[in-house]
Structures are given as structure tokens and as C-alpha cells.
Amino acid sequence: ALMRRRSLALAPVMITFLASFQFSVSANVVAMVMGIAAGAAAMIRPKFVLTAIGAVFVASSILAPLLVYLPVERLVSDQGPGLPASWAQRVVLWQASAERVFESCGLIGCGADSTRAWTREAKLFDVEGASFQSVEAAPHPHNIFVQIWVELGVIGALAAAAAVVLAHDHLCRVI
């Protein structure tokens with residue numbers, strides 16, 4: 001009976017995984033593969049995986065506006081001419097949002113849903129390797145950590161990191 005329930009639980013995961021291949025957005029596939037790998041690892045070493053994911057979340061929460069300026073093009077240059085179009089588009093969105101954080105949203109943020117207002121005044125840009133243009137300020141930056149900084153500032157980023165630390169401590173006691 002337990003194996004049957006586990007098989008049924010895997011069905012939505014597999015459907016989502018297959019659906020992620022239906023679009024030309026490779027970030028979806030990478031996210032699904034990483035999620036499945038993390039889930040499999042958590043079945044073997046739950047506290048280790050919980051701690052690793054928590055540490056990545058805390059570091060990303062605190063460092064997000066700086067991390068978006070890493071030279072990602074250089075990191076993947078041996079893979080071909082550059083980032084896939086959907087990834088290149090995201091990098092531009094992250095950097096535009098990070099610039100806003102440094103310009104005016106630093107301490108307390110710019111408020112909930114503020115990126116939607118930026119969309120109205122945004123410019124179009126060419127996405128390298130794509131046959132379309134994108135807006136430099138989408139309705140959201142496609143990065144939860146940058147989104148937290150934009151909407152809630154450094155105070156919100158620290159609060160999010162603290163919440164994850166507290167949740168981690170509690171979860172490690174119960175598993």
C-alpha cells in the first residue's frame with residue numbers, strides 16, 4: 001500500500017516534469033531536475049539537505065542584489081555562444097531590479113508589487129540569441145530573492161533569512 005501511495009505521489013511530479021519540456025524555457029527543466037535531485041537526496045540525508053538548502057536560501061536572501069552581477073556569461077562561455085535566451089532575459093531583469101534596489105529601495109524596499117509600476121516606464125531590449133525583444137522591467141524580476149529586496153529592502157531580506165533559520169532549527173528538531 002505504501003509503494004502504491006508513493007507511486008501516486010510521483011504522478012504529479014512526472015506530469016510537471018514532462019510539461020516543463022513543452023516550452024522553450026530551459027530554466028524550467030533545470031529547476032525540475034534540481035528539485036527532483038534535492039527530493040531524492042532528502043530521502044537519504046534529510047537534515048543535510050535541509051541545512052544545505054537553508055544555507056543557500058539565507059546567503060541568497062542577503063546577497064541577491066550583488067549576486068546578479070556575477071559574470072555568468074563567463075561561467076557558461078565554454079558551453080557555446082552564451083546563455084540560453086530565457087536565461088539571458090532573466091539576467092537582464094535581475095540586474096535592472098538590483099539597480100532599483102541600490103537607487104531607491106535599499107533599507108525598507110519600494111513596496112509590494114512595485115515592479116508592476118516599473119513595467120509601464122520600461123524600455124525594450126534585444127535578448128541575445130532570441131528572435132524577440134523583452135521589457136527591462138517585467139511585472140516581477142523572476143527571482144524571489146531580488147523580489148524580496150525590491151519590495152521589502154534590507155529589513156525584509158534579513159527577516160526572510162531569519163525566518164528560514166528559525167524554521168530550519170524547528171524542522172531539524174522534529175526530523
Burial order of peptide ranges 103-111, 58-66, 87-95 (average beta-carbon count within 10 Å, highest first): 87-95, 58-66, 103-111
Accessible surface, 1.4 Å probe, highest first, among residues THR115, THR16: THR16, THR115
Estimated FRET transfer efficiency (ALA112, ALA40; beta-carbon r; R0 35 Å; 0.05): 0.45
Label point distance in nm, TYR69-VAL13, each placed 7 Å from Cα along Cα→Cβ: 3.9
Computed E for ILE53/ILE155 - FRET, C-beta separation, R0 30 angstrom, nearest 0.05: 0.80
Gain in span if fully extended, GLU121 to HIS142, counting 0.36 nm per residue against the direct Cα distance: 5.7 nm
Which of PHE21, PHE57 is most accessible, then next, and so on - probe 1.4 Å: PHE21, PHE57
Linear extension gain, GLU99 paired with ARG5, 0.36 nm per residue minus alpha-carbon span: 29.1 nm
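The values are calculated or read from the model by the stated rules, or taken from the named source; none is laboratory data. Every value quoted in this text rests on a predicted model; they were computed, and no experiment measured them. Cβ: placed from backbone, ideal geometry, glycine included. Neighbour counts: every protein chain shown. Note: accessible area is taken over every heavy atom of the protein model, side chains too, but ligands, DNA and RNA are not part of it. Shrake-Rupley method; radii C 1.70, N 1.55, O 1.52, S 1.80 Å.
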